[in-house]
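Below: the structure, in structure tokens.
The values are calculated or read from the model by the stated rules, or taken from the named source; none is laboratory data. None of the values given here were measured: they were computed from a predicted structure. Cβ sites come from the backbone with ideal geometry, for glycine too, and all protein chains shown count toward neighbours.
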Amino acid sequence: MILVIGGAGYIGSHLVKGLVDKKQVIVLDQFSTGHGALVDRRAVLVEGDLGNEDVLDSVFRTYPIEAVMHFAAHSLVGESVVEPLKYYENNVVATCTLLKKMMKYDVKKFIFSSTAATYGIPKVDIINEETPTNPINPYGRSKLMIEQILEDFNKAYGLEYIVLRYFNAAGADDSGSIGEDHHPETHLIPLILKHLLGQREKISVFGTDYDTPDGTCIRDYIHVTDLVDAHIIALEALIKGEKQAAIYNLGNGVGFSVKEVIAMCEKVTGLKTKIEFTKRREGDPARLVASSDKIYEELGWRAKRSLENIITSAWKWHCVVGSSESKH
Ligand code: UFG
């Protein structure tokens, strides 16, 4: 069985939907930001905190777990600056408790969700895994700390792991049944789509004076279904013993500015946005674009879905959620 921690969250719930056809899945989630309704019914659901030793003892004793995939983290850059303790307690301390229990029960295969925020403000246009890490906020630091702990656990205890550094995850499952649903929502694409559904008055563009062609920040948007495919390929490599300690970027390799994302949302929906240009948001690097060549060369994965695919799938989901919300 595969234990998916945070399997009721945005990326975790998409992974579970993709994995249940291949493996028995058990989801551990405290439902703080996750939603039980998003979890595929074929998965076993356990409600609990990943930092709770009793819950972990019970899960590892009850189920024959062969690998753990860990999605449960706080992940808002701005919030992490204001509330670092929350980030270090959950993303670092609780994750250490999980790792301790894995060692206790001799579960030694681990897939870890990391982030482009580990790179800070890179000095290169295209980021590969050799690009120095230098996170500029507690969120990025908390993820890098676990990456370093994993390296030490690999050497000392034989823990085998794959770290996946996501760039900007977005989009929704093609079925339209699950999608991105954060409360509060801070991410660009869902905010634009909610605005276009009439749920927000306008969309704010944070900063127009960046050193980019149109002055707005550039990001590498990656479809959540592409992320799911990468996780399943990584899990298979780990289980087969083909990889013992690896780090991979997950991105499209193409950057889009905030203005370009807005234009694509207008194209996909046929609707016009109302834009407000505001000052920069603290902690935003001008440009974050990935090279994912390493995972392509080593595991054969590459992103298949474009920004247009991402926004089309997200729009389908938001229309379903938006219409059900307006019925209540
Ligand atoms: N932006 C706006 N207006 C908004 C919201 C966002 O202009 O209302 C801009 C941001 O300034 C940024 C871009 O849109 O330039 C994307 O912002 P998001 O908040 O959607 O995503 P981030 O790039 O801040 O962060 C996301 C994840 C992080 C992860 C990072 C890695 O939330 O967890 O991608 O690239 F670390």
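If you go through region 11-60, how many residues are in contact with a Lys or Arg (Cβ under 8 Å, 6 or more places away or on another chain), surrounded by 15 or more Cβ atoms within 10 Å (Cβ to Cβ) and not aliphatic (A, V, I, L, M)?
2
For LYS123, the conditions (1) out of contact with any strand residue (DSSP E or B) (no Cβ under 9 Å at 6 or more places or on another chain); (2) over 26 Å from GLY255 (Cα atoms) all hold with the exception of (2). State all residues of region 70-129 that are of a type in the set (A, V, I, L, M) and closer than 21 Å to LEU227 by Cα; if no residue qualifies, say none. Within region 70-129, ALA72, ALA73, LEU76, VAL77, ILE111, ALA116, ALA117, ILE126, ILE127 meet the criteria. Might you let me know whether region 82-97 holds any residue that is free of Cβ contacts under 8 Å to residues at least 12 places away in the same chain, closer than 29 Å to TYR63 by Cβ and loosely packed, with under 14 Cβ neighbours inside 10 Å? Within region 82-97 (the criterion being free of Cβ contacts under 8 Å to residues at least 12 places away in the same chain, closer than 29 Å to TYR63 by Cβ and loosely packed, with under 14 Cβ neighbours inside 10 Å), the answer is no, since none of the residues qualifies. One residue stands out in region 293-312 among those that are assigned to a helix (DSSP H, G or I) and within 16 Å of the ligand (Cβ to nearest atom): the one that is surrounded by the fewest Cβ atoms within 10 Å (Cβ to Cβ), namely LEU307. Within the set LYS86, LYS104, the sole residue that is within 16 Å of the ligand (Cβ to nearest atom) and of a type in the set (Lys, Arg) turns out to be LYS86. Take the conditions (1) at pLDDT 95 or above; (2) of a type in the set (S, T, N, Q); (3) surrounded by fewer than 22 Cβ atoms within 10 Å (Cβ to Cβ); (4) under 20 Å from the mean Cα position of the chain (by Cα); THR186 misses just one of them, which is (1). Taking region 16-57 as the search range and keeping residues that are under 17 Å from the mean Cα position of the chain (by Cα) and of a type in the set (D, E, K, R), which one is farthest from ALA72 (Cα to Cα)? Within region 16-57, the match that is farthest from ALA72 (Cα to Cα) is LYS17.
Go through SER58, SER80 for me and flag whichever is assigned to a helix (DSSP H, G or I), polar (S, T, N, Q) and either over 21 Å from MET102 (Cβ atoms) or touching a strand residue (DSSP E or B) at 6+ places or on another chain (Cβ under 6 Å) (or both).
Only one candidate passes the filter, namely SER80.
Of all the listed residues (GLY270, GLY283, GLY251, GLY255), the sole one being small (Gly, Ala, Ser) and within 17 Å of the chain's Cα centre (by Cα) is GLY251. Evaluation of ASN137 against the conditions (1) away from the ligand (no atom under 11 Å from the Cβ); (2) more than 22 Å from ILE295 (Cβ to Cβ) shows that the sole unmet condition is (1). Under 14 Å from the mean Cα position of the chain (by Cα) and either modelled with pLDDT of 95 or more or outside any helix (DSSP H, G or I) (or both): does that describe LEU150? Spelling it out, it is not the case that LEU150 is under 14 Å from the mean Cα position of the chain (by Cα) and either modelled with pLDDT of 95 or more or outside any helix (DSSP H, G or I) (or both).
For region 99-111, indicate whether the set of residues that are modelled with pLDDT under 95 and either buried (at least 22 other Cβ atoms within 10 Å of the Cβ) or basic (Lys, Arg) (or both) is non-empty.
Looking only at region 99-111, we keep the residues that are modelled with pLDDT under 95, and these are none.
Among the residues of region 99-111, not one is modelled with pLDDT under 95 and either buried (at least 22 other Cβ atoms within 10 Å of the Cβ) or basic (Lys, Arg) (or both), which makes the answer no.
For region 229-241, state whether one or more residues are near the ligand (Cβ under 9 Å from one of its atoms), farther than 25 Å from TRP315 by Cβ and in contact with a Lys or Arg (Cβ under 8 Å, 6 or more places away or on another chain).
Of the residues in region 229-241, the ones near the ligand (Cβ under 9 Å from one of its atoms) are none.
There is no residue in region 229-241 that is near the ligand (Cβ under 9 Å from one of its atoms), farther than 25 Å from TRP315 by Cβ and in contact with a Lys or Arg (Cβ under 8 Å, 6 or more places away or on another chain).
Restricting attention to region 142-163 and to residues that are of a type in the set (Gly, Ala, Ser) and in contact (Cβ under 8 Å) with a residue 12 or more places away in the chain, the residue that is surrounded by the fewest Cβ atoms within 10 Å (Cβ to Cβ) turns out to be GLY158. Scanning region 191-204 for residues that are surrounded by 21 or more Cβ atoms within 10 Å (Cβ to Cβ) and closer than 25 Å to ALA286 by Cβ, we see that the one that is farthest from the ligand (Cβ to nearest atom) is LEU193. Residues in region 164-194 that are of a type in the set (A, V, I, L, M, F, W, C) and part of a strand (DSSP E or B): LEU164, ALA169, ALA170.
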